[in-house]
Amino acid sequence: MKPTKSKVYCYDAGRSKILFESEKKAGNFLKFNTDEILKTANHAPVRFYFCKVCNGWHVTSSAVVLNIPTHVDKVMDSFHEEEKNRAEWKEKMKDVRQSSTEMSLKLLEVIDKRIAEIQKKIENKAAAADIRMLIEDSLNDLASANNFVGHVKRKKILEIKLAELVNMV
Ligand SMILES: [Zn+2]
């Protein structure tokens, strides 16, 4: 009894192989065909194994179960490695964003305080050059504060305030 041979090109083995849809069919092939195969060839399949690439069973004349990772194993490994790296990178970026958000927030607070200081200096009629320098510093700091979501409005308000102060000096 010979099962209908359905040969496929196995990308893992790198050659054509008979593909069995079940372990049982592969086993039966070994059971019923080995003698016949040996009549014309000097080696016959001795065991069957599951092939992840073909998603089925092949038979092989190699008795040794090689424990080397298959091509699919390697692809899966690198895929998982990539996934892990991506997750780690995402986490890192979250940290970076978090600290950059905090830094920008502090910067905005500093500018806020400086604006109050500038207003006081203007009221007290301090030296205009002095005041202009403070305003310029604040504008530079403001420009370096990141434009992250939620702070854009706050940045704009500070920008308008500083522009008003410039006109007052
Ligand atoms: Zn295969």
*Tell me which of these ILE118 doesn't satisfy, since it passes every other one: (1) touching a helix residue (DSSP H, G or I) at 6+ places or on another chain (Cβ under 8 Å); (2) under 30 Å from GLY14 (Cα atoms).*
(2)
*Quick one: is THR60 touching a Phe, Trp or Tyr at 6+ places or on another chain (Cβ under 9 Å) and without any contact (Cβ under 8 Å) to a residue 40 or more places away in the chain?*
yes
*asked:* Need the failing condition index for ALA41 against (1) within 14 Å of the ligand (Cβ to nearest atom); (2) of a type in the set (A, V, I, L, M, F, W, C); (3) exposed (fewer than 11 other Cβ atoms within 10 Å of the Cβ), just the number.
replied: (1)
_Of residues in segment 1-38 being touching a Ser or Thr at 6+ places or on another chain (Cβ under 6 Å) and within 22 Å of MET76 (Cβ to Cβ), the one surrounded by the fewest Cβ atoms within 10 Å (Cβ to Cβ)_ = TYR9
_Give all pairs with beta carbons closer than 8 Å in which a residue from segment 38-50 that is among the basic types (Lys, Arg) meets a residue that is surrounded by 13 or more Cβ atoms within 10 Å (Cβ to Cβ); count only pairs at least 6 apart in sequence or on separate chains._
ARG47/LEU30; ARG47/VAL59; ARG47/THR60
*Which number in (1) within 20 Å of HIS71 (Cα to Cα); (2) more than 16 Å from the ligand (Cβ to nearest atom) marks the one condition that LEU30 misses?*
(1)
_Residue ID - farthest from LYS7 (Cα to Cα), chosen from residues in segment 45-67 that are out of contact with any strand residue (DSSP E or B) (no Cβ under 9 Å at 6 or more places or on another chain) and away from the ligand (no atom under 15 Å from the Cβ)_ = ASN67
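All of the numbers you see were taken from the coordinates with simple rules; none came from a lab. As the structure is a computational prediction, the values presented were derived from the model and not from experiment. Cβ coordinates were reconstructed from backbone atoms using ideal geometry, including for glycine residues, and neighbour counts include every protein chain displayed.
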